[in-house]
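What follows draws every value from the coordinates through simple rules; no lab data is involved. These numbers were taken from a predicted model, which means no experiment stands behind them. Glycine also receives a Cβ, built like all others from the backbone with ideal geometry; neighbour counts cover every protein chain displayed.
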Amino acid sequence: MAVAEDIETIKRQEATLVFSTFDEAVAFKIGSVIRERALAENMPIIVDIRTFDRPLFYAAMPGSNASNPDWARRKINVVKRFLRSTYRMVLEQQRPDRSFKPGEGLDIVDYVLAGGGFPITVKGAGVIGAITVSGLPERDDHGVVVEAICSHLGLDARELALPPEAK
């Protein structure tokens with residue numbers, strides 16, 4: 001039941017976290033908020049914010065590693081293909097090997113089921129890119145992005161947050 005509830009919460013996040021506009025300045029503001037939080041909390045992450053045609057913000061924090069950018073790239077590809085959060089895809093697909101079903105035709109080299117990629121949705125335009133974090137457990141990667149978008153949009157992140165993961 002918790003998975004179904006998490007999926008519904010993420011759908012609500014995706015429907016609510018919509019920008020009126022999104023440009024380089026917005027990407028920089030959101031990226032900077034994530035970067036500052038990562039520095040303050042010693043998060044070993046990378047942050048990649050881009051439209052589907054070009055990068056707008058990138059930062060690598062102390063402790064991140066050479067695999068984080070590749071994980072982010074594959075998460076971005078999932079957002080672009082499915083126009084939804086990568087953590088939602090993880091929960092919907094339920095594939096412990098992190099790959100899509102063979103019938104999807106999506107190579108693990110370019111696509112991964114891992115949380116942390118969130119669609120940049122602009123009112124009247126749809127999904128135009130992704131805000132991606134890599135380096136924490138996937139639910140946490142997702143939460144960092146959601147909190148930063150909520151902050152930018154002036155929304156209370158607690159109202160849209162996923163509950164703590166059941167142990």
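Is at least one residue of segment 118-130 buried (at least 23 other Cβ atoms within 10 Å of the Cβ) and in contact with a His (Cβ under 8 Å, 6 or more places away or on another chain)?
Within segment 118-130, one or more residues are buried (at least 23 other Cβ atoms within 10 Å of the Cβ) and in contact with a His (Cβ under 8 Å, 6 or more places away or on another chain).
Determine if segment 91-99 includes at least one residue that is surrounded by 11 or more Cβ atoms within 10 Å (Cβ to Cβ) and either in contact with a Gly (Cβ under 9 Å, 6 or more places away or on another chain) or touching a residue at least 40 places away in the same chain (Cβ under 8 Å) (or both).
Within segment 91-99, one or more residues are surrounded by 11 or more Cβ atoms within 10 Å (Cβ to Cβ) and either in contact with a Gly (Cβ under 9 Å, 6 or more places away or on another chain) or touching a residue at least 40 places away in the same chain (Cβ under 8 Å) (or both).
Restricting to segment 100-140, give me the number of residues that are outside any helix (DSSP H, G or I), more than 17 Å from Ser67 (Cα to Cα) and of a type in the set (Gly, Ala, Ser).
Of the residues in segment 100-140, 6 are outside any helix (DSSP H, G or I), more than 17 Å from Ser67 (Cα to Cα) and of a type in the set (Gly, Ala, Ser).
Going through Arg73, Arg84 one at a time, which residue ends up being surrounded by 14 or more Cβ atoms within 10 Å (Cβ to Cβ) and without any contact (Cβ under 8 Å) to a residue 40 or more places away in the chain?
Arg73
Confirm whether Phe28 is within 14 Å of the chain's Cα centre (by Cα) and surrounded by fewer than 20 Cβ atoms within 10 Å (Cβ to Cβ).
Criteria not met by Phe28.
Between residues in segment 1-20 that are touching a residue at least 60 places away in the same chain (Cβ under 8 Å) and residues that are charged (D, E, K, R) and part of a loop (DSSP other than H, G, I, E, B), which pairs lie under 9 Å by C-beta distance while being six or more apart or on different chains?
What qualifies is Ala2/Glu165; Asp6/Glu165; Ile10/Arg84; Lys11/Arg84; Glu14/Arg84; Val18/Lys123; Phe19/Lys123; Ser20/Lys123.
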